[in-house]
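Everything on this sheet refers to the single structure shown next.
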Amino acid sequence: MSAEAGDAAAKPAAAEPADEAQRIGVKELAEFVHRRGDIHYRYEMSALAQEGIARQKAYQQQRDATYRREVPVAAEYAGLRVTGRIDGWDPARRQVEEVKTTRADPRVLHERIGAVHDAQLALYGAMLALGDEALQTLTLRLVYLHPDTPDAVAFAEERCRDELIGFFQATCGAYADWLAEVHGRIDLRNERLRRAAFPYGRFRMDQRRLAKHVYRGFRDGVDWLLEAPTGSGKTMACVFPALKAMGEGELDRVLFLTARTTGARAAEDAFEDAARGAALAVTVTAKERICFNPGTPCDPDLCEFAAGYFDRMPAARRELLGEAKADRPAIEAAARRHRVCPHALSLDAAEWADAVICDYSHVFDPVVALKRLQNAVFARVGLIVDEAHQLGDRVRDMLGMTLRRALVKAALAEDGVAAPLAKALRSVDRALADLARTTRPAEDPEAERPIPAPLPLQRAVDRFLTAFSETRAAPDAPSAVGDAHFEMLRFRRACDWAEEEGAFHFLAHGTGRAFCVELVCTVPGGHIQRTMEPFHGSVRLSGTLTPPHVFQRLHGFTAASPAMQSDGDGDAARLGVFVVPDISTYYRDRERTLPALAALIEGVCGASGGNYLVALPSFEYAALAAGACAAPSAFCQRPDMDLAEREAFIDALGEPAGRIAFVVLGGVFTESVDFDGRALHGIIVVGPGLPPRSLRRDLIAADSVAEGVANDGDELAYRQPAMTRVVQAVGRIARAPTERGVAVLVDPRFRQSAYSAFLPQRWPRQTVRACEAAGRVRAFWDAAL
C-alpha cells in the first residue's frame, strides 16, 4: 500500500454521524466493556502523563519513514460515534500500534490489565479496516515503554478484517445496550422531576428568591456566590432548583461538594426529600473511612475485595443504581453482597448517577479529582459547593505537599526492604540531609525558611519512584515503604503542577530526623476558577461569605461576579449582637484586662438561664479565662480531647443548666458542631483570633498583592481567616427559626472597618460598654417573654 493510501485509511470513510449519535472515545469504550480482573494500586498509575508523552514522542521519531503517528480515526455503529487517535500506523507494513509508558514490569502489567490495552488496539484496527476494504489483515502491536530508559517490550498478533469488525460491533453493541438502559432511566427521571413539587409545601421567606436565581444560574451556566444564614434552608434552595433544571433538560447531573461528614448527611437528606425517588444521589466516602480492610493496599493478594473486582463490579453497579438511595450504608451492603471494594464501587456508580455527593477533593485535588463525572452522557454538570468559606484554604492544602525525612527514615529502618528500594531511599535521605545542612539558619535552626526549588531532591525522588515501580514487593511488603511512596509520589506531582501554576514556594523547617520540605500554595484562586469553568453553572454557598468581593477574588473570580445575600427569615430580633470595644484582647493587654473580661463573662452568662460558649484565640487564653471566672459550672476545651471526651463536652451543653464552656476559635466546637439551640443561649467571642505572624502567611499576603487578588495582602492572609472563624462561631446559635440567641464580640477591633466588613449585614449590631453588656443581654431575653 502506498503512503497516500495509508493516509486515506487513516481517515475512514464513515458516514457523517446522525445528530443523536453518542460520541465516545476508544479508550473509554474499551475500559467500560473489556476491563476484567483485579484492582491493583501498583499498576494503576505507574508513570506521569508528561513522562509518557515525552517518551512516546522519542519512540515515534525513531520509526520508519512510512510510520504515521497520532492518526485520527472515527467510525459509527449502533448509534455510537467512536473516535480516537492511533499512536502509530504504518501502512507499508499494515501495522497498527498502541503505545503505553510504564515503570512496571510490562509482562506483569499486560497480565493484569492488558485486556483493555488489547481491546483498544483491536478497536483501532477495526476502524482502519472499516475505512479501507483493501485491509484484509492487520498486525496489531502493543508496545510498553519505560519512561527513563530505551527499553521497549512489544506484544504483536495478526488479525483478519472480519474478526476485527466483529469485535468492534460486539463492543459497540454491549455499550449501546447499557446506554439504552441509562437513557431510559434518565427519561423517566426527567419526567418525574418536571412534575416534582417543593417537598415542604411552601418556601420559607427568602428561599423562593434564592431558588429562582439558582435555577436560572444552572440553566444559563452562571457561577453564583450565595450567603445565607444557617437554618434558612439554603441547602434545599440549591438542591431543589438543580433537580428541576435536570427535569427540564437544562442539566444532566449535579455535584454537591461538602467539607465535612455532617454536610454530606444534610445533602443526602435534601436530595432524598426533593427527588422522592426520581433521581439517585451517590455518596462518595473517603477511601480510608469506607475500606473493608483499612491500612491494606489495593492489592489482590492482600484484599479479597480488590481481587476480581472488575469481574463482579458490573452486577453490583447495576444493583446499586436501581436503589432509591446510595449512601454509605447502601454502598457497603451492596459491596459485601458482591464482594467488591466499596470505595471503587461508589466511584463506578457515581459515573452514572443523577447526583453525586462528595468531598471538595474529588473536584479540586489534581491527584484524586474524578474526571469521569463529566462525560458524554452527563456533559452538563452543575456544581454546588457547600461551606464555601473553607474553599480557599482547602484548595491551598490540596495543592501543597510536605516531604518528611522522618517517613524516609522509618522506611529505611524496616526489615525486608528490597536492595534497590533501600538504595533509592538512602538517596532521598541524603538529599534531605544536604538541604537541612545548607539551609539551616544559624540564629534559629528550627525556623521555617524559604528555599529554592530542590532539584537534587526531586531527582532522588524520581529514582525512588522508578525503583518502587520496578520492584515487585512481596505481599507483606513493609507498610512504611508504601507510606513513603505515597508521600513522594504526591510531592513529585505537586512539584510539576507548581511549575505550571505559579504562586508556590518551597519552605524548609526542622532539623535532623524532624526536617521537612514543604511546597506551599499561596494563591489558589486561579486553580479554583479553572477547575470550575467546565461546569454548567455553580453555587458556592455558606453562612460566612461577607464581604462577597473578598471571597470572589479568593476563589479566582472578579469582585463583580454574581453574588446573592439572604437574611433568611428576616427576623433580626432572634439574634442579638453586642460589640464590646472597651476590653482589649491584644496579647500585650490580656493579663491587665483579664479581671474585666471575667466579670463580663460572668455577668452576660448570668443574665439568662441557658448555656454559653466563650470562644478565644488559643488554648492558653481559654484556660486563663476559665480559671479567672468564679462560675462553678465553667469547663474548658483541651487540645488532646478524644472522640468520647468531645461527645461528653457537647452533651454537657445539651440541657439548660447555666454552664459556661470555654473553647478555641476555629476548633471543632465553633465550626463543626450543631448544638441544641434551646440549651445554648449565646456565645462570647473574645478577640478576632488573628493567626500569628508567619512566613507562609506573609507569603500569601505578598503574592495576593502581586497577583492582583488584593490591594491589602493582610486582608486575605490574616483578617479573612480570623473573621471567618468569628462568624462561624456565632453561627452555632439561633440556628432554627424558633431559636434565639446572643453574641457578644469583645475587642475594639470589631468596630474597625477592616474587621467589621466581615460581619454579615443581617446582624443587628449594637455597641455597648462592658459594664452595660449584662443588662442589654437581660433586656434581650426579657423581650422574648
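The values are calculated or read from the model by the stated rules, or taken from the named source; none is laboratory data. Quick caveat, the model's predicted, so the values are computed rather than measured. All Cβ positions, even for glycine, are placed from backbone atoms using ideal geometry, and neighbour counts span all protein chains on display. These area figures cover heavy atoms from the full protein model, side chains too; ligands, DNA and RNA do not enter into them. Shrake-Rupley method; radii C 1.70, N 1.55, O 1.52, S 1.80 Å.
Below are the figures for this structure:
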item: Cβ-based charge dipole, the range 668-785, positive-most Cα from VAL709, LEU745, VAL726; result: LEU745
item: Cβ-defined net charge surrounding ARG440, 12 Å radius [Lys, Arg +1; Asp, Glu -1]; result: -3
item: Unit charges on C-beta of K, R, D, E only; dipole of the range 684-785, Debye; result: 440
item: Dipole axis of the range 481-554 (+1 Lys, Arg; -1 Asp, Glu on Cβ), positive-most option in PHE486, CYS521, PHE551; result: PHE551
item: The range 470-565, relative contact order in percent, only Cα pairs under 8 angstrom and at least six apart counted; result: 18
item: Built amide H within the under 5 Å cut-off of SER538, gap 5+; result: VAL222, ASP223, TRP224, LEU383
item: For MET564, distant residues with modelled amide H under 5 Å away; result: LEU225, LEU226, GLU227
item: Percent antiparallel among DSSP beta bridges (both partners in the chain, rounded to 5); result: 35
item: Per residue value of the accessible surface for the chain (all protein chains in place, 1.4 Å probe), Å²; result: 41
item: Sorted peptide list for 193-199, 666-672, criterion being average Cβ within 10 angstrom, highest first; result: 666-672, 193-199
item: For the range 325-342, Karplus couplings with θ = phi - 60° (6.51, -1.76, 1.60), whole Hz, Gly/Pro x; result: 8, 10, 7, 4, x, 5, 5, 4, 5, 5, 5, 5, 4, 9, 6, 10, 5, x
item: Environment charge at HIS681 (Cβ cut-off 15 Å; Lys +1, Arg +1, Asp -1, Glu -1); result: +3
item: Mean separation of Cα contacts under 8 Å, 6 or more apart, over the residue count of the chain: relative contact order %; result: 12
item: Hits among lysines - C-alpha to C-alpha of LYS27 under 28 Å, sequence gap 8 or more where chains match; result: LYS11, LYS57, LYS100, LYS287, LYS371
item: Aspartates and glutamates with Cα under 12 Å of LYS234, excluding same-chain neighbours fewer than 8 positions away; result: ASP206, ASP386, GLU387, ASP567, ASP569
item: Positive-end residue of LEU403, PHE364, ALA379, charge dipole of the range 329-412 with Cβ unit charges; result: LEU403
